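Since every read-out is calculated from the coordinates, none of them should be taken as a lab result. Everything numeric in this text was worked out from a predicted model, so none of it was measured. When we count neighbours, we look across all protein chains shown, and the Cβ atoms used for this are built from the backbone with ideal geometry, even at glycine.
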Amino acid sequence: MTPEALQQLASDYVLGTLSASRRAEVQQRLPHDAALREAVQFWEQRLQPLTDLVEPVQPSPELWSRIEASVAPRRAAVPAAPVATGWRALWNNLALWRGVAAAGVAAAVFLAAVPMNTAAPRSQYLVVLVAPNNTAPGWVVQTSGQRTLRLQPLSSTEVPQERSLQFWTKADGWAAPLSLGLVQPGQPLEVPLDQLPPLQPNQLFEITLEPYNGSPTGKPTGPILYIGRSVKLNT
């Protein structure tokens, strides 16, 4: 396995986006594969700040019963994993799942948002924005409820005088990126979802450095400071 493939596997494992069978394979390898363990620990440390962004949600009794029923057969089929410590123990903590996420499955910390009402649900999405050629997350983008897209800072960003940060998105098939507004360093930004086209999996989001008060052309003109693609959450 190439170093790039190893990092991709470790990041997918920590994010919880692997299939159940693939996740079981990784769990079996961890006790015997030092390189994979180091890669997993690396991604655990980089993504740990995201746990602070999840608002506690209390699922309904009916929803939790359905989840337990769907997970039970998998528990019997998946071999026992090594004793979890640190971040992995946090992810495997059933009490945390109940209090933090509506779905309560592995990766529920930020990959299992389930609508809590009976109205027609809007798909939920998560984006981790990182600096190019870097793996440390700088911002996270997530849908908040049914009405808002929220950009949340994970670290501070220095902006030169007479320059501005601008938030953009572009889905496959779009002719050009769409500006989502100017960003104040270290401050969250909320964008009403009804002002945007429907979000898509793998949709591009980025923050660029632009002239003061934003791009004069309506398109990104400055360097990309942070970039990432959307992941559709389990619903």
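Taking the Cβ of each residue in SER11, SER230, SER155, SER19 as the centre, tally the other Cβ atoms inside 10 Å and list the residues starting with the fewest.
Fewest-to-most ranking of SER11, SER230, SER155, SER19: SER19, SER155, SER11, SER230.
What percentage of all Cα-Cα pairs in the range 125-232 are separated by more than 25 Å?
12 percent
Would you please put 156-165, 36-45 in order of how densely packed they are, using the mean number of other Cβ atoms within 10 angstrom per residue and starting with the highest?
Most protected by this proxy first, the peptides run 36-45, 156-165.
Fewest first, what order do GLU206, GLU62 take by the number of other Cβ atoms within 10 Å? Walk me through the intermediate numbers first.
Details: GLU206 22, GLU62 8.
Result, fewest neighbours first: GLU62, GLU206.
Going by how many other Cβ atoms sit within 10 Å of their own, how do LYS232, LYS219 line up, fewest first?
If I rank by nearby Cβ atoms, fewest first, I get LYS219, LYS232.
Step through the residues of the range 159-174 one at a time and calculate ³J(HN,Hα) from phi using the Karplus curve (6.51 cos²θ - 1.76 cosθ + 1.60, θ = phi - 60°), rounding each to whole Hz and writing x for Gly and Pro.
10, x, 4, 6, 10, 9, 8, 10, 9, 9, 8, 7, 9, 4, x, 6
Please list, in chain and number order, the residues 5+ apart from TRP139 or on another chain whose amide H is under 5 Å from its amide H, with Hs placed from the backbone.
LEU129, LEU154
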